[in-house]
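So the structure is just underneath, and the comments pick up after that.
The values are calculated or read from the model by the stated rules, or taken from the named source; none is laboratory data. For clarity, every value in this text was computed on a predicted model and none was experimentally measured. Every residue, glycine as well, gets a Cβ built from its backbone with ideal geometry; the counts of neighbours run over all protein chains shown.
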Amino acid sequence: MLPNWLARPALAGLGLSPGYSFILYLALIFNHNLNFLQFTFENILILFFSLLAVFGALMMVTRKNPITSALYLILNFFCVSAIYLLLRAQFIAIIQVLVYAGAIMVLFLFVIMLLNLHDESKLSEKITYKKLSAILISLLLFSVLAITVYFSYMNKYREIHSSAETIGTIEVIGNELYTTFSFPFELVSFVLLAAIVGAIVLAKKKFD
Amino acid sequence: MGINYFLILALLLFSIGVAGVLLRRNAIIVFMCIELMLNSVNLVFVSFSSYLGNSIGQIFVFFIMTVAAAEAAVGLAIIIALFRNKETINIDEINILKW
Amino acid sequence: MINKADFINNIPLLIIAATSLLILIIEAIFPHGKKKIGEKIIFYLSIVSLIVAINYSFPQLTVNSLFFSSFLRLSTFSVVVNITMLLGILITVLSSKEYLEKEGINYGEYYSLLFIATLGMMLMVMAYDLIIVFVGLEIMSISFYVLAGFMRKRLESNESALKYFLLGAFFTGFLLMGIALIYGYTGSTSYSFFTNFKNQTEPTYFLGIVLILIAFIFKTGSFPLQMWIPDVYQGAPTVVTGMMSSVGKTAAFGALLVFFTTFGLEKFSMLIAILAILTMLYGNVVALLQTNIKRLLAYSSIAHAGYILIGFILVTPSSTHAVVFYLVSYVLMQLGAFIVIGIVEAQADTMEDRSLSNTLESYKGLGKTNPGLASILSIFLFSLAGIPPFAGFWGKYYIFLSVIQNNFIWVAIVGILLSLIGVYYYIKVILFMWFYEPVTGTIQKSKSEFAFTAAVISTIGLFLFGIYPDLLLRYIRAIF
């Protein structure tokens, strides 16, 4: 998907990106407040789930079998849902499981099994030039995004806001959705309508 | 634990998703990577929402989830329609039109 | 909260939304035996409701306020762009009937999705909140994915839909990440809020704007992210291609203009200037090599995105007027050219012939076999090339004038030189039509009356705005 004209300069110019990532890593470790190392039970849970989420994402990208990929993505979704819960976003955490893990991923698995796909050739077999540049590009993207965000929020927002627990409840979100945000709430029904009509038009077997 | 931890986790997931889109050739897996990207955006929204004490972020997540579900339906329908006509979903083999 | 004034002032939006639902109901009511009647009703209903919506849009030209708990903003700009898009959709509906019938896909769903897409496009331009920008963009995009793949039996159409879908969803991710970062910094998604943050240099805020710009550069098909345009435009049904390349781009540029004025992106002017020049260069140069007319027009639409992007270098009243004028003339000429291609395509009988009929070779001698069609296509191509008596010329003239006023004279010089390159491939098609002998046997006279009417309407528009640009400028000058 990456055009060749982009791959060449990207590979040449962005060789520095692992360096950026390393600097970021050092900055993370030597953060002067060292909030990072307070091993309360909550922090341990957050660490555990975030590591598992990253693990799931990495496995999802690298597995050759689409079904395995999908299952790892579900693992990732569950971990992210747990993190939402630790961020006091109860409603979103439940919806995450219901919609992402429950509906979207089931649809994926259903389609994969319907199509009866064969295994893809193993990813590690051919690390071509193009794939290497893809990895470098995403590393560079990560370092640019992460360094910017890290230094902007270094000394801000150290604790979860005290009102976060009430905000995450279904009452508050439902109330907001049906009053202030009623207009976009109505509009997303058109997104769903377009999707329903479109899915039937494209995938229905016979049409007369 | 500061907000930075969650933001960087989300950005890491986002970058993994981008890497997956660029690396993989299977249309379904590419699409799953896109779902991962959307999911990481949700994490950014929720963490800002919790740390700012502002509910708009979580409302926005609600909309993103709706759209992700809609996109999943349409995307998979497109993949099925393509698979009916040509027994492949490998992006490299889909080349009647020059990519 | 929503109150009565919101509905009264947004009748066109409601008409479009209601029509899309009504079409689905009509489609469901008529049983198999009476399908023909249902199709007729849907077709005429679409036309009538579009005309009514355009009619109700004109009184809004003087309204300038916020609606739906300040999620939408009606201004002269948004109303003018909306009328342009509605007109484009009207021409599209007129032109699609025969094409779809020939292809055997004349379902009510097509019209319904077209209306849903219109709703999304109107919302994008009227949006006063990033939530609405996102939802509108998605309503539009999801409908476009389906419309691009509407010829389910044809592999090109499937491929076009898949490519459009994967890339579109990928860049939606960037748009959302940008919105998320902006939300994190400002604590809000409303445009009214962002005016306090004009000219901020906070890195995350800046990064958020850049990510949103990336998504818009993709949607408008400008330089680094233009790779999807030729493939998607070639594979999609021709009538849909015409609509996506004209009306869809208009919506993206309209939303981008509102975004620019809200966030005050003067510091990006050099970047936008370079992008505009590269877009024009890429579109015009690669178009020279094309042998398929749909692909040629796809590259020419990239070049036109470059011309429009010139108006974004510094967003001043004069450049806004120029962009709007350009968009109006662009919708008419781009859509018109694709309508003619659709008519030519619908004349071929077998599926293979229809794919072949898009090659430039098969346009040889069209002037002899079908002079009416060839002369209309010549008018569109002359206008796209920017040759004086047509509206396309004035569009380019005002764009270059505004950029000269903003002291970016070098951009204007490069742009004029590049548009001279563009003249070559438009003239090439015209020469093919008039000065070559037909390759295949005589093509039958077209039976596409509605499509022909639509093309004639566009031609009249181009003539009218070309000879009396003040007719249009009267409305456009009221924007600021």
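Quick look at the values:
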{"quantity": "Which listed residue, of A:Phe78, A:Phe39, A:Phe49, is of a type outside the set (Lys, Arg), in a loop (DSSP other than H, G, I, E, B), more than 7 Å from chain B (Cβ to nearest Cβ) and under 30 Å from A:Ser163 (Cα atoms)", "calculated": "A:Phe39"}
{"quantity": "Single match in C:Pro224, C:Pro203 (criterion: surrounded by fewer than 20 Cβ atoms within 10 Å (Cβ to Cβ), closer than 22 Å to C:Leu296 by Cβ and over 18 Å from the mean Cα position of the chain (by Cα))", "calculated": "C:Pro224"}
{"quantity": "Any hit, the stretch A:7-20, residues being charged (D, E, K, R), assigned to a helix (DSSP H, G or I) and at pLDDT below 80", "calculated": "yes"}
{"quantity": "Hey, C:Ala18 assigned to a helix (DSSP H, G or I) and surrounded by fewer than 20 Cβ atoms within 10 Å (Cβ to Cβ) or not", "calculated": "yes"}
{"quantity": "Candidates C:Thr262, C:Thr250, C:Thr241 - the one that is in contact with a Phe, Trp or Tyr (Cβ under 7 Å, 6 or more places away or on another chain), in a helix (DSSP H, G or I) and crowded, with 24+ Cβ neighbours inside 10 Å", "calculated": "C:Thr241"}
{"quantity": "Selection from the stretch A:148-185 of residues that are within 24 Å of the chain's Cα centre (by Cα) and in a loop (DSSP other than H, G, I, E, B)", "calculated": "A:Tyr153, A:Met154, A:Lys156, A:Tyr157, A:Arg158, A:Glu159, A:Ile160, A:His161, A:Gly168, A:Thr169"}
{"quantity": "Breaking point among (1) more than 7 Å from chain A (Cβ to nearest Cβ); (2) in a helix (DSSP H, G or I); (3) surrounded by fewer than 24 Cβ atoms within 10 Å (Cβ to Cβ), for B:Asn54", "calculated": "(2)"}
{"quantity": "Residue satisfying all of: in the stretch A:68-108; in contact with a Ser or Thr (Cβ under 8 Å, 6 or more places away or on another chain) and of a type in the set (S, T, N, Q); surrounded by the fewest Cβ atoms within 10 Å (Cβ to Cβ) among these", "calculated": "A:Gln90"}
{"quantity": "The listed residue being more than 10 Å from chain A (Cβ to nearest Cβ), under 30 Å from C:Ser20 (Cα atoms) and more than 24 Å from the chain's Cα centre (by Cα), out of C:Tyr191, C:Tyr183", "calculated": "C:Tyr191"}
{"quantity": "Selection from the stretch C:21-57 of residues that are within 12 Å of chain A (Cβ to nearest Cβ), in a helix (DSSP H, G or I) and farther than 30 Å from A:Ser182 by Cα", "calculated": "C:His32, C:Gly33, C:Lys35"}
{"quantity": "Test: A:Ile67 is more than 7 Å from chain B (Cβ to nearest Cβ), modelled with pLDDT under 90 and not in a loop (DSSP other than H, G, I, E, B)", "calculated": "yes"}
{"quantity": "Close pairs (6 angstrom Cβ cut-off, 6 or more residues apart or separate chains): touching a residue at least 40 places away in the same chain (Cβ under 8 Å) in the stretch C:18-30, among the polar types (S, T, N, Q) anywhere", "calculated": "C:Thr19/C:Ser49; C:Ser20/C:Ser112; C:Ile23/C:Ser112; C:Leu24/C:Ser112"}
{"quantity": "Test: B:Val44 is closer than 27 Å to B:Leu76 by Cβ, under 15 Å from the mean Cα position of the chain (by Cα), more than 7 Å from chain A (Cβ to nearest Cβ) and not aromatic (Phe, Trp, Tyr)", "calculated": "yes"}
{"quantity": "Residue among C:His304, C:His321 that is farther than 18 Å from C:Leu360 by Cα and under 17 Å from the mean Cα position of the chain (by Cα)", "calculated": "C:His304"}
{"quantity": "Residue that is out of contact with any Gly (no Cβ under 7 Å at 6 or more places or on another chain) and away from chain A (no Cβ under 14 Å), where the choices are C:Ile89, C:Ile105", "calculated": "C:Ile89"}
{"quantity": "Among residues of the stretch A:163-208, those that are within 7 Å of another protein chain (Cβ to nearest Cβ), surrounded by fewer than 21 Cβ atoms within 10 Å (Cβ to Cβ) and over 28 Å from C:Ser157 (Cα atoms), counted", "calculated": "7"}
{"quantity": "Some residue of the stretch B:70-87 being more than 7 Å from chain A (Cβ to nearest Cβ), at pLDDT below 90, surrounded by fewer than 22 Cβ atoms within 10 Å (Cβ to Cβ) and in contact with a Ser or Thr (Cβ under 8 Å, 6 or more places away or on another chain)", "calculated": "no"}
{"quantity": "Condition met for C:Leu130 (under 15 Å from the mean Cα position of the chain (by Cα) and more than 8 Å from chain A (Cβ to nearest Cβ))", "calculated": "no"}
{"quantity": "C:Lys4 being within 26 Å of C:Leu74 (Cα to Cα), free of Cβ contacts under 8 Å to residues at least 24 places away in the same chain and charged (D, E, K, R)", "calculated": "yes"}
